[in-house]
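Chemist: One structure coming up, written as structure tokens, with questions to follow.
The values are calculated or read from the model by the stated rules, or taken from the named source; none is laboratory data. This is a predicted model, so every value here is computed, not measured. We place every Cβ from the backbone using ideal geometry, glycine too, and count neighbours over all the protein chains shown. Surface areas here come from the heavy atoms of the whole protein model, side chains and all, with no ligands, DNA or RNA. Shrake-Rupley method; radii C 1.70, N 1.55, O 1.52, S 1.80 Å.
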Amino acid sequence: MLWSWEFAFEILPTLGKGLLVTLQVTFAATAIFLLLGLVLAIIQRSCPKWITVPLGHVTEFIRRTPLLIQLYFMFFVLPEFDIFLSPMTAGILGMGIHYSTYSAMIYGAGIDNVDRGQWDAATSLNYSRWHVWI
């Protein structure tokens, strides 16, 4: 027999614990990549070139490197430099940082598509730089 209901019900609590861990990592990494992606997008559009060019290279490097290699690096290589992360922390940070580079591009596309007249209107109304971005 290929299927056993007894075994399925026996491992159900273990699968439930795995689902809980998956949801925790998903929601925590989502919070990180949404916030960090917005910060990256704003920095790339409002800071001088000596900041944005290296930041662009770093984000491209992160985006072009497979996530699994980044997670491996965070969990197995960083301890060689006395930086120890728990598996959960490494997973959350790795996924958050990796996907923040993608969300920065999405936010950036939205920012770039704001009409130039809107930026000029905010400037002509003497809004501070903070209020213009808000």
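Chemist: Measure nothing fancy, just the Cα-based angle from helix 87-112's long axis to the longest principal axis of the chain, in degrees from 0 to 90, nearest 10.
Modeler: Roughly 30 degrees, rounded to the nearest 10.
Chemist: Ok, one more. For residue 82 and residue 62, compute 0.36 nm times the residue count separating them, minus their Cα-Cα distance, and round to one decimal in nm. Don't skip to the end; give the middle numbers.
Modeler: On the way: separation 20, 0.36 × 20 = 7.20 nm, distance 2.20 nm.
Additional length available on full extension: 5.0 nm.
Chemist: Sorting 52, 101, 22, 89 by accessible area (1.4 Å probe), largest first, what list results? Write down the numbers at each step before the final one.
Modeler: Values: 52 25, 101 5, 22 80, 89 55 Å².
So the residues, ranked largest to smallest area, are 22, 89, 52, 101.
Chemist: In region 58-133, how does Rg compare with the Kirkwood Rh, expressed as the Rg/Rh ratio over alpha carbon atoms?
Modeler: Values: Rg = 18.7 Å, Rh = 15.1 Å.
Rg/Rh: 1.24.
Chemist: Using a 1.4 Å probe and counting only protein heavy atoms, arrange 30, 65 so the residue with the most accessible area comes first.
Modeler: 30, 65
Chemist: If you roll a 1.4 Å probe over the heavy atoms of the protein chains, what accessible area per residue do you get for the chain, in Å²?
Modeler: Numbers: 10040 Å² over 134 residues.
Here the per-residue accessible area is 75 Å².
Chemist: With all protein chains present and a 1.4 Å probe, how do 115, 120 order by accessible area, largest first?
Modeler: Solvent-accessible surface, decreasing: 115, 120.
Chemist: Then there's this: Using only the C-alpha atoms of region 86-130, find the volume of their convex hull and express it per residue in Å³. Walk me through the numbers on the way to the answer.
Modeler: Numbers: hull volume 3.1 nm³, N = 45.
Per residue, the Cα convex hull of region 86-130 comes to 69 Å³.
Chemist: Note the angle between two axes, namely the Cα long axis of helix 49-64 and the longest principal axis of the Cα atoms of the chain, as a number of degrees from 0 to 90, rounded to the nearest 10.
Modeler: Once rounded, one gets 30 degrees.
Chemist: Can you pull the semi-axes for region 1-49, root of five times each eigenvalue of the Cα gyration tensor, sorted largest first, whole Å?
Modeler: Numbers: eigenvalues 408, 19, 4 Å².
Computed over region 1-49, the values are 45, 10, 5 Å.
Chemist: Which three extents, in whole angstrom, do the alpha-carbon atoms of the chain cover along their principal axes, largest first?
Modeler: Largest to smallest, the principal-axis extents are 74, 37, 23 Å.
Chemist: Assign unit charges at the C-beta atoms only (+1 for Lys and Arg, -1 for Asp and Glu), then state the dipole size of the chain relative to its Cα centre in Debye, rounded to the nearest 20.
Modeler: Working: 7 positive and 8 negative charges, 85 e Å.
The calculation lands at about 420 debye.
Chemist: Could you please state how large a percent of the accessible area of the chain is carbon and sulfur, counting protein chains only and using a 1.4 Å probe?
Modeler: Details: 7200 of 10040 Å².
Carbon with sulfur: 72 percent of the solvent-accessible area.
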